Amino acid sequence: LSREAMILGAAAGTAVLSVLWMAATSPMLPTFLAERILPLRTALAVLSPPFLVGGLMGIALLSVTAQIMVYADTGRAFWSLRCTAPRFVGTVLLLMLAMAWWLRPGSVAGVLLAVASVLKLAVEIAVLKHADSDAERWTALRRTAALQRGPLRPLLLLRLFLGLLAGLALPFAVGTGALPPQWIAAALPLLLLGELAERALFFTSVSPDRMPGHPA
């Protein structure tokens, strides 16, 4: 795992720098702060060609791919490639869209955020269908579904609430004028909290080899 760890560390550092770069060059930056870092903003404005943005996205994609493969290699059904990839890629996409919506407010970014949020939540709750079975055999995904619908239900509800609030309700309310544009800034932290809740479910509801009290 050392190679994956190196990739993740490099990508994390690049992500921090890219966020600082986007924030420093954003027109949403308060005037008093923008004036104080005017030389930095001027210098950073030169570093904004498409190839730089593409490079940052490439590093982010490499990082996510490394994370996905780490968990897929465990062989657990809930951590398989088809279950993990949409979650991890979806997290990056949602946070990027929320950041873009905040730094460059507009209806397009809000609509894309809403669509991506609904699709990701649909992927996440798809595992719950495995709990609706009368078969005697408990599969790994059925045990995961039972955990999420049972002991982990409060965490699941919190995740769904945050995801729908930040990813769907806020874009809709701001887009229709029900809330002022200042509320856009709330989407990113709320989405981040929702994604942290999703990751908690990802780690705690992965099926053990056998659930106590249930047949294998």
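The values are calculated or read from the model by the stated rules, or taken from the named source; none is laboratory data. Just so it is clear, the structure is predicted and the values come from calculations on it, not from any experiment. Quick reminder, even Gly has a Cβ in these numbers, built from the backbone with ideal geometry, and neighbours come from all protein chains shown. For the accessible areas, the whole protein counts, side chains as well, though only heavy atoms, and no ligand, DNA or RNA atoms are used. Shrake-Rupley method; radii C 1.70, N 1.55, O 1.52, S 1.80 Å.
Inside segment 122-167, residues that are touching a residue at least 40 places away in the same chain (Cβ under 8 Å), in a loop (DSSP other than H, G, I, E, B) and hydrophobic (A, V, I, L, M, F, W, C) make up a count of 2. Scanning segment 167-176 for residues that are within 14 Å of residue 112 (Cβ to Cβ) and either in contact with an Asp or Glu (Cβ under 9 Å, 6 or more places away or on another chain) or open to solvent by less than 40 Å² (accessible area, probe 1.4 Å) (or both) yields 167, 170, 171, 174. Residue pairs whose Cβ atoms lie under 7 Å apart, sitting 6 or more positions apart in sequence or on different chains, and linking a residue in segment 177-197 that is surrounded by 13 or more Cβ atoms within 10 Å (Cβ to Cβ) and modelled with pLDDT of 90 or more to a partner that is hydroxyl-bearing (Ser, Thr, Tyr) and outside any loop (DSSP other than H, G, I, E, B), are 195/91.
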